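> Can you read through this structure? Questions will come right after.
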Amino acid sequence: MKHIYLTILLFPFVTILVLPTVTYAEKNGNKTHWNQFRGPNGSGVIKTANVPINFGPDINILWKKKMEGGQSSPVIWGNRIFVTTFSPENRDQLTVVCLDRQNGSILWRKSVSTRKNAQYFPLLNGPASPTPAADHKHVYAYFGTYGILCYTHGGDKVWERQIDPPVSQYGMSVSPILYKDTVILVLDDNRGNSRLLAMNRDTGNTVWEQPRLFFQAGWSTPMIWQHEFRDELVVLGYKKLASYNPVNGEELWWAGGFSVETIGIPVVGEGLLFVSDAAAGGRGETEWDAEASWKITLEDFDKNKDNKIQREEMAKGFRIPLRSELEKHELGSAYPIGPRQVGGWFRHLDKDKDGELSKTDWLELMSEFAMESQPTLIAIKPGAEGNARPLNVAWEINSGIPEIPSPLYCQGKVYLLRKGGILTCIQAADGKQLFRERIGARGQYIASPIAAGNKLIAASQRGMVTVIQIGDTLEVLARNNFGEEIVATPAIAENTIYLRTANHLYAIGKY
């Protein structure tokens, strides 16, 4: 059953994808630093920004710039924007691009070529998914098929470190972060070499390295949790959340109960650490709607209308529905079975071995699948040692959990954004649900939500950017259609949104 876990990634960027001195921007109140994936410490929040509500390709656009391929998010330090790209004509060409934040002009471009042992990428991932990190001196860009490069803000190479690509079924989308004088990378893979790597920011030399035994590939960017007891490097990975001492890599505590494919970045608020992870196959609810998936399967493949599926009916384009929130044509809505895989899958699905798939066979399959893992959002209190679950979990919920977007903490609430445009608002202190509603923009969600002042911004893969009032009830302020795919999480500096679409980088603000 392991191979059914199709997760459409980026993330992150997701992929889908950093900190100068961890919270430099927050401590100094500097609103021109969005220096890693999801900004200061991965929080996704700028508390004082006043961004426009209504905008679009030709509305409240300060400038826009044509961009090459890539799923990484823009990062900002002062007057400079850094982003990574790859050439659509030559995916082996990997580039770090620096732009002027005021007008979008390109200040410099630096390219390298992917190493020979490049790996396969699914459609929603690619060689430029990890988001760079920046500080007052340097920008640090990680390419999964090359390694990590360090440049000055003027474009001079300071150092580079080639790193063997971690073995992963979906490619890399984990982004680097910064802590004090180190750059930290999570290099989990499927061949038993999972590890944490901390490098000196000025030289690239190893400061410490920590093996992660029993961890397999993951796509979650780590974060630094600062609380009254200590600083912690928190890493969500294969089946387990783990915390480390960021100074030397020593493991501090752990918490189990997560799936085999983890994506979101943890966030903090109310003195708690919030960590979310969907179940296998992207399931956000405890129960699997097996009846609905069987109905869809019959509609698509039961050609003779006998309410069963024969081997020959699986011969072309067979799919196992996984994500009911998505329309059937959308990428990630189902797990595709290739022509050469049909025989093996048919034997596996035919539980009673009568030569055809019945509803009983299907429900048994879905029951097995649902037992593999559970969706979860947990709130962890600081001060854990060893297994954190018995004593340090403040509360836990198992419903409405996102697959790809990270949770967002803002003004005493935790927001969870699922595919289909389903937004859940949780009271951060105790886990009480305040609302769960559709925001009116359907489709897949890969970019994580962010908050600017009292506004939540959510961008769908279809290109709809929804602006929502932060509050205990859902109030949609505007829906802005860009007509281009969006998978990169937006960035904010001062009162401007920087939005990367499939083909452009937009600066959105008021004149």
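> Could you figure out which of (1) surrounded by 18 or more Cβ atoms within 10 Å (Cβ to Cβ); (2) in contact with a helix residue (DSSP H, G or I) (Cβ under 7 Å, 6 or more places away or on another chain); (3) under 30 Å from Ala429 (Cβ atoms) isn't true of Pro321?
It is condition (3) that Pro321 fails.
> Given Glu368, Glu396, which one is of a type in the set (D, E, K, R) and not in a helix (DSSP H, G or I)?
Unique residue meeting the criteria: Glu396.
> Here's something else I'd like to know. Looking at this structure, is Glu228 more than 14 Å from Ser194 (Cα to Cα) and either modelled with pLDDT under 95 or β-branched (Val, Ile, Thr) (or both)?
Yes, satisfied.
> If I filter segment 115-136 down to residues being at pLDDT 95 or above and surrounded by fewer than 24 Cβ atoms within 10 Å (Cβ to Cβ), which single residue comes out as farthest from the chain's Cα centre (by Cα)?
Our first condition is that a residue be at pLDDT 95 or above; within segment 115-136, this holds for 130-136.
Subsequent filtering for residues that are surrounded by fewer than 24 Cβ atoms within 10 Å (Cβ to Cβ) retains 135-136.
Values: Asp135: 22, His136: 26 Å.
Only one residue tops the list, namely His136.
> From the list Val167, Val139, which one is buried (at least 24 other Cβ atoms within 10 Å of the Cβ), at negative phi, in the same structural domain as Gln210 (by TED's automatic domain parsing) and not charged (D, E, K, R)? Write out each step before concluding.
Numbers: Val167 fails: buried (at least 24 other Cβ atoms within 10 Å of the Cβ).
Going through Val167, Val139 in turn, just one is buried (at least 24 other Cβ atoms within 10 Å of the Cβ), at negative phi, in the same structural domain as Gln210 (by TED's automatic domain parsing) and not charged (D, E, K, R): Val139.
> Within segment 259-296, which residues are within 23 Å of Arg230 (Cβ to Cβ), among the hydrophobic types (A, V, I, L, M, F, W, C) and either under 17 Å from the mean Cα position of the chain (by Cα) or in a loop (DSSP other than H, G, I, E, B) (or both)?
Of everything in segment 259-296, those that are within 23 Å of Arg230 (Cβ to Cβ), among the hydrophobic types (A, V, I, L, M, F, W, C) and either under 17 Å from the mean Cα position of the chain (by Cα) or in a loop (DSSP other than H, G, I, E, B) (or both) turn out to be Ile265, Val267, Val268, Phe274, Val275.
> Of all residues in segment 483-496, which are more than 19 Å from the chain's Cα centre (by Cα) and part of a strand (DSSP E or B)?
Once the filter is applied, which keeps residues that are more than 19 Å from the chain's Cα centre (by Cα) and part of a strand (DSSP E or B), segment 483-496 yields Ala493, Thr496.
> Among (1) outside the structural domain of Gly269 (by TED's automatic domain parsing); (2) surrounded by fewer than 18 Cβ atoms within 10 Å (Cβ to Cβ), there is one condition Ala493 misses while meeting the rest; what is its number?
Going through the list (1) outside the structural domain of Gly269 (by TED's automatic domain parsing); (2) surrounded by fewer than 18 Cβ atoms within 10 Å (Cβ to Cβ), Ala493 breaks only (2).
> Hey, Gly218 hits all of (1) surrounded by 23 or more Cβ atoms within 10 Å (Cβ to Cβ); (2) at pLDDT 95 or above; (3) in contact with a strand residue (DSSP E or B) (Cβ under 6 Å, 6 or more places away or on another chain) but one; which does it fall short on?
Looking at each condition in turn, Gly218 falls short on (2).
> Out of the residues in segment 324-365 that are of a type outside the set (A, V, I, L, M), in a strand (DSSP E or B) and under 34 Å from the mean Cα position of the chain (by Cα), state the one that is nearest to Ala280 (Cα to Cα).
Selected residue: Tyr335.
> Further, regarding this structure: Gly386: surrounded by fewer than 23 Cβ atoms within 10 Å (Cβ to Cβ) and within 23 Å of Lys47 (Cβ to Cβ), yes or no?
no
> I've got another one for you. Of these, Val112, Val158, Val96, which one is within 24 Å of the chain's Cα centre (by Cα) and in the same structural domain as Thr203 (by TED's automatic domain parsing)? Spell out how you get there, then give the answer.
Numbers: Val112 fails: within 24 Å of the chain's Cα centre (by Cα); Val158 fails: within 24 Å of the chain's Cα centre (by Cα).
Going through Val112, Val158, Val96 in turn, the sole match is Val96.
> Restricting to segment 238-259, what's the tally of residues that are farther than 24 Å from Asn200 by Cβ and in contact with a Ser or Thr (Cβ under 8 Å, 6 or more places away or on another chain)?
7
> Do we find that Pro57 is assigned by TED's automatic domain parsing to the domain that holds Leu233 and either polar (S, T, N, Q) or within 24 Å of the chain's Cα centre (by Cα) (or both) in this structure? Break it down stepwise before answering.
Working: assigned by TED's automatic domain parsing to the domain that holds Leu233: yes; either polar (S, T, N, Q) or within 24 Å of the chain's Cα centre (by Cα) (or both): no.
Judged against the criteria, Pro57 is not a match.
> Still on this structure, please answer the following. Quick check: is even one residue across segment 466-480 within 19 Å of the chain's Cα centre (by Cα), crowded, with 17+ Cβ neighbours inside 10 Å and modelled with pLDDT of 95 or more? Outline the logic, then answer.
Residues of segment 466-480 that are within 19 Å of the chain's Cα centre (by Cα), as a first pass: 466.
Narrowing the set further to residues that are crowded, with 17+ Cβ neighbours inside 10 Å leaves 466.
Filter again for modelled with pLDDT of 95 or more, leaving 466.
Among the residues of segment 466-480, at least one is within 19 Å of the chain's Cα centre (by Cα), crowded, with 17+ Cβ neighbours inside 10 Å and modelled with pLDDT of 95 or more, which makes the answer yes.
> For segment 167-215, name all the residues that are part of a strand (DSSP E or B) and of a type in the set (Ser, Thr, Tyr).
Tyr179, Thr182, Thr206
> Okay, moving on. Could you please find all residues in segment 425-459 being more than 22 Å from Lys381 (Cα to Cα) and among the polar types (S, T, N, Q)?
Just the residues of segment 425-459 that are more than 22 Å from Lys381 (Cα to Cα), to begin with: 435-459.
Once the filter is applied, which keeps residues that are more than 22 Å from Lys381 (Cα to Cα) and among the polar types (S, T, N, Q), segment 425-459 yields Gln444, Ser448, Asn454.
> While we're looking at this one, here's another question. What about Glu232, is it within 17 Å of Ala379 (Cβ to Cβ) and part of a strand (DSSP E or B)?
For Glu232, the condition - within 17 Å of Ala379 (Cβ to Cβ) and part of a strand (DSSP E or B) - is met.
> When you check Ser448 against the structure, is it surrounded by 18 or more Cβ atoms within 10 Å (Cβ to Cβ), assigned by TED's automatic domain parsing to the domain that holds Asp100, farther than 23 Å from Leu272 by Cα and not aromatic (Phe, Trp, Tyr), yes or no?
Taking the combined requirement at face value, the residue does not satisfy it.
> Consider segment 301-317. How many of its residues are over 16 Å from Asp361 (Cα atoms) and in a loop (DSSP other than H, G, I, E, B)?
6
> Next question. Suppose the filter is small (Gly, Ala, Ser) and surrounded by fewer than 18 Cβ atoms within 10 Å (Cβ to Cβ); does Gly440 pass it?
So Gly440 passes the test.
The values are calculated or read from the model by the stated rules, or taken from the named source; none is laboratory data. These numbers were taken from a predicted model, which means no experiment stands behind them. All Cβ positions, even for glycine, are placed from backbone atoms using ideal geometry, and neighbour counts span all protein chains on display.
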